[in-house]
Amino acid sequence: MKSAFFYQGVMAAAGLMLAVSSQAADAPNLSNSAFQQCLNTLKNSSQFRGVSASTFERYRPSAPDPSVISSLNYQPEFQKDVWDYLSSLVDKERVEDGIRAKRQWSDVLRQIESRYGVKAEHVLGVWGVESNFGQTLGKKPLFESLATLSCFDRRQSYFRGEFANALKIVQNGDINASDMTGSWAGAFGQTQFMPSTFLELAVDFDGDGRRDLVNSVPDALASTANFLAKRGYRSGEPWGYEVKLPSGYWAASNRKDKKSMSHWRDQGLTLANGSPLPYDLSSAGLLLPAGKDGPAFLVGKNFDTFYSYNASENYALAIAHLSDLITREDSSKTDFITAWPTDDPGISRQEAKDIQQALLNAGYDIGAVDGIIGDNTRKAIKEYQASRGIFPADGRAGKKFYNQIAANRATSQAPASAQSADRIGQLIQQQSPKASSTQTQSAAPTTIAPTARIGNARYRRERGTDGVVRLVRVDEGQ
Ligand code: CA
């Protein structure tokens, strides 16, 4: 999808991109006259040779979008740990969505597998991580984003090529102009291809004559398979395995240093469950995402094709792991066999939403409850921790904080999600600094979330005669 040269070290997956775009710093002032002058120059430049003047004028933006420049220069305040990254990308919900998608598209996936030689679950793994099985495509108008990036700040030459390619896609009639929305950087559709990747690798699989990666699932899935095949995918091979290192063994994580399976057997490595290593990988490299004390993997060429989708090993591991869980059709346990070396593991998107809702209800302005832990949510967590003497007040949204904010007051018979909703609801009612009582703050809580959804339950905020604001469940006869 994304050009490796651009994305390396800049960002990782679609989810993170959304966080970046919504959390961008103050947007710069961009001169529209300079922008229009730049577009006049581009229109006649060699990079836009394949784009007709009428196409160019038809989709020419009337003003630049400064927010994409903020996103381009955004520096995350926190570095995400690999376990945080994996737990939000490979959670129960996504595995279940993947199993459903596999059943729904089984005929198409079978045809794709026979034409491109790519295993159905590997295609599904990419689809799930890239666009949440077609649910998260990005909403930024592509022409505005790419034109702005073509005329301001860093990497203009790269973005000019992508802007020209985006115009060609519409000019060819593959995709409707109104469907050309995506990430701030121009990745779009269910495969989140950049326009250049689209022109190189998109295919029409449903036979209507258009390569529509926005509206056609068969086109999107086949284009993903074509991408993997063209990047060197080996039919019939697994991506790799979780393995166990012999005690005292040390080697650097180096996915590219591929060795035979006999080599790794001789070194004493086994599968993570202790079984002998199989011989169905032609060669494999060792991947240690969190050092020697965390989960270890032997990865083959197919893992590298996942990597080439977004130039991030953690991202490729998310695709690999999701595809394994979809293959097993088991969403009950999304962890690896070896635990991550941390006492504060990551949380699912649902748990992230629960935390955000609890913070919102407690009067913290975290923006939308989207399950994406960005700078605003981290800042609110930090303040929440500081106000309650929780040490360290580091703003980290892990299992520890989830348990702290959810407290431990489960009602006995309720299902798990309702239990956590009740726990959070009770906690807010008792501990919220801004939701409790004082006159000066009376306007704030009622305007923030008149009815709030926590887990599967809905709550209404109500001020009692004692002046204390409480959350009252509204889906149980009030
Ligand atoms: Ca088509």
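The single condition among (1) open to solvent by 40 Å² or more (accessible area, probe 1.4 Å); (2) within 30 Å of Phe159 (Cα to Cα) that Arg110 does not satisfy is (2).
Within the option set Gln37, Gln47, being open to solvent by 70 Å² or more (accessible area, probe 1.4 Å), touching a residue at least 60 places away in the same chain (Cβ under 8 Å) and in a helix (DSSP H, G or I) holds for one residue only, Gln47.
Scanning the stretch 366-386 for residues that are of a type in the set (Gly, Ala, Ser) and either open to solvent by less than 30 Å² (accessible area, probe 1.4 Å) or over 13 Å from Phe401 (Cβ atoms) (or both) yields Gly367, Ala368, Gly371, Gly374, Ala380.
Residues that are assigned to a loop (DSSP other than H, G, I, E, B), of a type in the set (S, T, N, Q) and at pLDDT below 95 do not occur anywhere in the stretch 84-101.
Table: residues versus (1) under 21 Å from Asn302 (Cα atoms); (2) touching a strand residue (DSSP E or B) at 6+ places or on another chain (Cβ under 6 Å); (3) surrounded by fewer than 17 Cβ atoms within 10 Å (Cβ to Cβ).
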site: Val129; (1), (2), (3): yes, no, no
site: Gly134; (1), (2), (3): no, no, no
site: Lys139; (1), (2), (3): no, yes, yes
site: Phe143; (1), (2), (3): no, no, no
site: Leu149; (1), (2), (3): no, no, no
site: Phe152; (1), (2), (3): no, no, no
site: Phe159; (1), (2), (3): no, no, no
site: Leu167; (1), (2), (3): no, no, no
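The numbered conditions (1) modelled with pLDDT under 95; (2) part of a loop (DSSP other than H, G, I, E, B); (3) within 24 Å of the chain's Cα centre (by Cα) are all true for Tyr309 except (2).
Scanning the stretch 218-246 for residues that are without any contact (Cβ under 8 Å) to a residue 40 or more places away in the chain and within 19 Å of Tyr309 (Cα to Cα), we see that the one that is nearest to the ligand (Cβ to nearest atom) is Asp219.
For every residue, the table says whether it meets (1) under 30 Å from Asp204 (Cβ atoms); (2) of a type in the set (Lys, Arg).
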{"site": "Ser70", "(1), (2)": "no, no"}
{"site": "Val82", "(1), (2)": "no, no"}
{"site": "Arg94", "(1), (2)": "yes, yes"}
{"site": "Asp97", "(1), (2)": "yes, no"}
{"site": "Ala101", "(1), (2)": "yes, no"}
{"site": "Gln104", "(1), (2)": "yes, no"}
{"site": "Val108", "(1), (2)": "yes, no"}
{"site": "Gly128", "(1), (2)": "yes, no"}
{"site": "Gln135", "(1), (2)": "yes, no"}
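Within the stretch 288-306, the set of residues being surrounded by 24 or more Cβ atoms within 10 Å (Cβ to Cβ) and not in a loop (DSSP other than H, G, I, E, B) comprises Ala296, Phe297, Leu298, Val299, Asn302, Phe303, Phe306.
Scanning the stretch 191-217 for residues that are within 7 Å of the ligand (Cβ to nearest atom) and not small (Gly, Ala, Ser) yields Asp204, Phe205, Asp206, Asp208, Arg210, Arg211, Asp212.
Within the stretch 355-385, the set of residues being of a type in the set (Asp, Glu), modelled with pLDDT of 90 or more, within 18 Å of the chain's Cα centre (by Cα) and assigned to a helix (DSSP H, G or I) is empty.
When Pro64 is tested against (1) assigned to a loop (DSSP other than H, G, I, E, B); (2) in contact with an Asp or Glu (Cβ under 6 Å, 6 or more places away or on another chain), exactly one condition is not met: (2). For the stretch 354-369, the criterion of being under 30 Å from Lys292 (Cβ atoms) and in contact (Cβ under 8 Å) with a residue 12 or more places away in the chain is met by none of the residues.
Of the residues that make up the stretch 132-139, is at least one part of a helix (DSSP H, G or I) and either at pLDDT 95 or above or hydrophobic (A, V, I, L, M, F, W, C) (or both)? Looking through the stretch 132-139, none of the residues is part of a helix (DSSP H, G or I) and either at pLDDT 95 or above or hydrophobic (A, V, I, L, M, F, W, C) (or both). Residues that are farther than 27 Å from Pro392 by Cβ, outside the structural domain of Asp394 (by TED's automatic domain parsing) and loosely packed, with under 14 Cβ neighbours inside 10 Å: does the stretch 319-328 have at least one? Yes: one or more hits.
The values are calculated or read from the model by the stated rules, or taken from the named source; none is laboratory data. None of these values were measured; they are calculated from a predicted model. Note that each Cβ is placed from the backbone with ideal geometry, even for glycine, and that neighbours are counted across all protein chains shown. The protein model used for the area step is the full one, side chains on, heavy atoms only, and it has no ligands, DNA or RNA in it. Shrake-Rupley method; radii C 1.70, N 1.55, O 1.52, S 1.80 Å.
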